[in-house]
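Undergrad: Starting off with a structure, shown below.
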Amino acid sequence: MLGNPRRVEHIMGFPISVDIRATTSPLGSAVDHAFDWLREVDARFSPFRADSEVSRLNRAELTPAELSDDFIEVLAVCRRYEERSGGAFSVRLPGRGLDPCAVVKGWAVQRAAEALMDAGARRFCVNAGGDVVAAGGPWRVGIRHPDRIDQLCAVLAVEDAAVATSGRYERGDHILDGRTGEPATGLKSITVVADTLTIADTTATAAFALGADGPEWAAAQPGCEVFAVTENDRVFRSAGLPTG
């Protein structure tokens, strides 16, 4: 018996839900540990917490040699996508300190999902503010219309994959083009399906920062499928997008 298979907590500024439908063994405290991990990540990586590793590094209270292995892993992902996007994706912008949040969310939720899998969860979904890790399935994941809150653009059929969307419809112009320091233009929203949420979320953010070139760039990334709506309401859909 799974008991209550769904749990929701508010962490990192958005709701995170875990919905477990099938396991190979009792999970015990695995779900508690997953949420504990996400709270730990928020405490360690938030640039809005004065005692976080990020804030301490920005104040030069930590040296690169003192960074945790997790922090080093996150920074490696940041550098990889900055290079791949030609600088459009950047976690260091003029006048601002280091802010790796564009990577941390997907990376942390992916790690939580992998821990649940290791504990015996087989068919489950972790939803972090609309970005999803789906195991087993298929799971139906809706892509929100960027202009009409009560409508969907498409519905995906996802199994053992992750889905992430970047757009301006909830948080406004929060994604900047690292090449200019100005808000990214050219897209209303872009959704990426990939093997992990680390890849899906970071690719979606980098593609949005790239603007009109973003959908083609994202679709060319290994293992990524893409759905995007441009500022002039044109739709881009990669050939292998798992709609259902």
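Undergrad: Return the residue satisfying two criteria in turn: it lies in the range 144-162 and is surrounded by fewer than 19 Cβ atoms within 10 Å (Cβ to Cβ) and among the β-branched types (Val, Ile, Thr), and of such residues it is modelled with the lowest pLDDT. Quick ask: steps written out before the conclusion?
TA: First, pick out the residues of the range 144-162 that are surrounded by fewer than 19 Cβ atoms within 10 Å (Cβ to Cβ): 145, 147-152, 154-155, 157, 159-160.
With among the β-branched types (Val, Ile, Thr) added as a condition, the list becomes 149, 155.
Details: ILE149: 85, VAL155: 96.
My answer is ILE149.
To keep it simple, each residue is scored yes or no on (1) open to solvent by less than 40 Å² (accessible area, probe 1.4 Å); (2) farther than 20 Å from ALA164 by Cβ; (3) not small (Gly, Ala, Ser).
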residue: GLU9; (1), (2), (3): no, no, yes
residue: ILE20; (1), (2), (3): yes, yes, yes
residue: THR23; (1), (2), (3): no, yes, yes
residue: LEU27; (1), (2), (3): yes, yes, yes
residue: ALA30; (1), (2), (3): yes, yes, no
residue: ALA34; (1), (2), (3): yes, no, no
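Undergrad: For the range 169-213, enumerate the residues that are open to solvent by 30 Å² or more (accessible area, probe 1.4 Å), under 14 Å from THR230 (Cα atoms) and out of contact with any helix residue (DSSP H, G or I) (no Cβ under 9 Å at 6 or more places or on another chain).
TA: TYR169, LYS188, ALA212
Undergrad: Next up: I want to confirm something. Restricting to the range 53-93 and keeping residues that are out of contact with any Lys or Arg (no Cβ under 7 Å at 6 or more places or on another chain) and hydroxyl-bearing (Ser, Thr, Tyr), which single residue is nearest to LEU197 (Cα to Cα)?
TA: TYR81
Undergrad: Could I ask something else about it? Would you check which residues across the range 128-143 are over 18 Å from MET12 (Cα atoms) and either touching a residue at least 24 places away in the same chain (Cβ under 8 Å) or open to solvent by 40 Å² or more (accessible area, probe 1.4 Å) (or both) and list them? Let's see the steps before the verdict.
TA: First, the residues of the range 128-143 that are over 18 Å from MET12 (Cα atoms): 134-143.
Selection gives ALA134, ALA135, GLY136, PRO138, ARG140, GLY142, ILE143.
Undergrad: Determine whether GLU216 is open to solvent by 60 Å² or more (accessible area, probe 1.4 Å) and not aromatic (Phe, Trp, Tyr). Quick ask: steps written out before the conclusion?
TA: On the way: open to solvent by 60 Å² or more (accessible area, probe 1.4 Å): yes; not aromatic (Phe, Trp, Tyr): yes.
Yes: the conditions hold for GLU216.
Undergrad: Picking from GLY95, GLY106, which residue would you name as being at pLDDT below 95 and not aliphatic (A, V, I, L, M)? Steps first, please.
TA: Values: GLY106 fails: at pLDDT below 95.
After applying the criteria, what remains is GLY95.
The values are calculated or read from the model by the stated rules, or taken from the named source; none is laboratory data. These numbers come from a predicted model, not from an experiment. We place every Cβ from the backbone using ideal geometry, glycine too, and count neighbours over all the protein chains shown. With ligands, DNA and RNA removed, areas are computed over all heavy atoms of the protein, side chains included. Shrake-Rupley method; radii C 1.70, N 1.55, O 1.52, S 1.80 Å.
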